[in-house]
1. Here's a check for you: in the stretch 133-162, which residue that is in contact (Cβ under 8 Å) with a residue 40 or more places away in the chain, surrounded by 17 or more Cβ atoms within 10 Å (Cβ to Cβ) and not in a loop (DSSP other than H, G, I, E, B) is farthest from the chain's Cα centre (by Cα)?
2. Just to be sure, is residue 309 within 20 Å of residue 80 (Cα to Cα) and either part of a helix (DSSP H, G or I) or touching a residue at least 24 places away in the same chain (Cβ under 8 Å) (or both)?
3. Just to confirm my filter: which helices (runs of 4 or more DSSP H) fall fully inside the stretch 29-132 and include at least 3 residues that are modelled with pLDDT under 95?
4. Kindly indicate which of 260, 239, 232 is farther than 26 Å from residue 8 by Cβ and surrounded by 16 or more Cβ atoms within 10 Å (Cβ to Cβ).
5. Give the number of residues within the stretch 175-198 that are in contact (Cβ under 8 Å) with a residue 24 or more places away in the chain, closer than 23 Å to residue 271 by Cα and in a loop (DSSP other than H, G, I, E, B).
6. Looking at 172, 201, can you tell me which residue is assigned to a loop (DSSP other than H, G, I, E, B), touching a residue at least 60 places away in the same chain (Cβ under 8 Å) and under 21 Å from residue 11 (Cβ atoms)?
7. What's the number of the condition residue 316 fails, among (1) surrounded by 18 or more Cβ atoms within 10 Å (Cβ to Cβ); (2) in contact with a helix residue (DSSP H, G or I) (Cβ under 8 Å, 6 or more places away or on another chain)?
8. Can you confirm whether residue 193 is at pLDDT 95 or above and in contact with a strand residue (DSSP E or B) (Cβ under 6 Å, 6 or more places away or on another chain)?
């Protein structure tokens, strides 16, 4: 039987968990949180979106993948202020604000899902697309990402992400043709790995998140979802560690805690950053196991459901999260 401990991502974090110096996972915290969280209602995402993008399956697949490519760094690194947008009577924050910007552009006919548009997009173009309460962080990096993806889509997949998706097996792993395997191979933008004490650690935050979103979309459209969904792990980002930290599931050394609370940058690929992300994946897997021990078999959860529960409750919190200048989350 396939379960999340069969995931290459989760397996790769073991070396970090064993050798961590500044982050640790607390078994007692997991037991205490599972004791009450197990009785909450957990639903599966229904594949719908906050904004109306129509019902064309090809457009919706393109939307998921476009959004996944740009789903990172929504907090200004100098001021710690989050990117927000007032749109149609509501205020949206971080990735939800990004999606609102995408809807605003798409609704006015900007061909943002076309590989040719991505390949040619400029910083000025993206500055206009993501006009919000602050300038969208890391605009130059976002331009470079879209330019690279756009060229690949035009050269190999008729300019569309849905053409790429149709060329993959509907699985996370499938002897090289699973969507996770193909995504990181075809689009280097999604190759989210680090090296810790000489060992390669896989995180694949955005790649896995895109597959989770696609699975929900496929089910809503009456199509077959991923055959090995349980191999998707937590999405190691800025917010889930905050939830785990506040719930007493992970713990930082006093020095790391002070640096995070003081808004100091935690460098990409540093041991501290790798430990935070690895423990996010490991602790969420343990929490999912502990919750499932208290739930009937027919109500067992997969890790992304628990991840979303943590992210949704804390993604707009004022509690400081670690800051890392990266395009991976």
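The values are calculated or read from the model by the stated rules, or taken from the named source; none is laboratory data. None of the values given here were measured: they were computed from a predicted structure. With ideal geometry, Cβ positions are generated from the backbone for all residues, glycine too; neighbour counts draw on all protein chains shown.
1. Going through the qualifying residues, I end up with 162.
2. On the way: within 20 Å of residue 80 (Cα to Cα): no; either part of a helix (DSSP H, G or I) or touching a residue at least 24 places away in the same chain (Cβ under 8 Å) (or both): yes.
The answer is no for residue 309.
3. On the way: elements: 57-69, 94-107, 115-120, 123-129.
Output list reads 94-107.
4. Values: 239 fails: farther than 26 Å from residue 8 by Cβ; 232 fails: farther than 26 Å from residue 8 by Cβ.
Among 260, 239, 232, only 260 is farther than 26 Å from residue 8 by Cβ and surrounded by 16 or more Cβ atoms within 10 Å (Cβ to Cβ).
5. Residues in the stretch 175-198 being in contact (Cβ under 8 Å) with a residue 24 or more places away in the chain, closer than 23 Å to residue 271 by Cα and in a loop (DSSP other than H, G, I, E, B): 2 in total.
6. Values: 201 fails: assigned to a loop (DSSP other than H, G, I, E, B).
When all the criteria are applied, what remains is 172.
7. Result: residue 316 fails condition (1) only.
8. Numbers: at pLDDT 95 or above: yes; in contact with a strand residue (DSSP E or B) (Cβ under 6 Å, 6 or more places away or on another chain): yes.
Spelling it out, residue 193 is indeed at pLDDT 95 or above and in contact with a strand residue (DSSP E or B) (Cβ under 6 Å, 6 or more places away or on another chain).
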